Amino acid sequence: MEKKIQYELNRFYRMLKWVIVIGFAILIGILLRKCKVEPSVTTQKVTTKEIKGGYKYVEPKNTVIENNYYVNGKKQPASNDKFLQEQIDKLLAENQKLIELFSEKPAAEKDSLYKEAIKINEFSQTFDDDKVKIDVSGISQGKVKAIKADYFIKPQKIDVEVKQKQRVFALKLGAEYGNSIELNKGVFKGNIEFENKKGNSLSYSYDSDKRHWLGYKMTIFDIKK
């Protein structure tokens, strides 16, 4: 009778062990599903590289601007840019005065004025700010014959969003040894522990006395630097 009872108890303990292990595995699976998190995003200062480049000399498109440009009887501006339109109006007025002055000059002076008008000129201009430097240069002869540009994009300090990886979970294995105060009853215990992203953990242990252990740890606070 006693052997049968002992047999049934041993059978129950074996079944209980597997029930605990399976239940623990199911619990870990449930917790894993809840541990899906979006990576945190931090902002870092990044200095961009300098970039140098340029364009070869080309002959740009020159469009003659007429003094009188009308659409449906209404005078139209030559440019939609206010500053450019002001310059165009100013130059057109100067041209009209030069034409009148030229017609009054004797032939000898007309040759001199014509040579001045077709003189070859080299021009250059630098545009520079805290982001970019552009050097424009070219040749003109009554109209712009050739133009080129060299640019230098300066290094900039910009904010870049960087995704930081976060720990979703950790699975730990461990072993412990314990003894009585008389040091005559040693016990070994092996354990497996699952820790989630919040630092809380579940553990299952089995010791040399055939005892099953279930544990739960909760993080009260943690310190980060």
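When Rg and the Kirkwood radius Rh are both evaluated on Cα atoms of the range 43-160, their ratio Rg/Rh stands at 1.15. Partner aspartates and glutamates whose Cα lies under 15 Å from the Cα of Lys56, excluding those fewer than 8 positions away in the same chain, are identified as Asp135, Asp150.
The ellipsoid that matches the Cα gyration tensor of the range 96-164 has semi-axes, each √(5λ) in whole angstrom, of 49, 12, 8, with the longest given first.
Read-outs: derived from the displayed coordinates by stated rules, not from any lab. In this text the structure is predicted, and so the values were computed from the model without any measurement.
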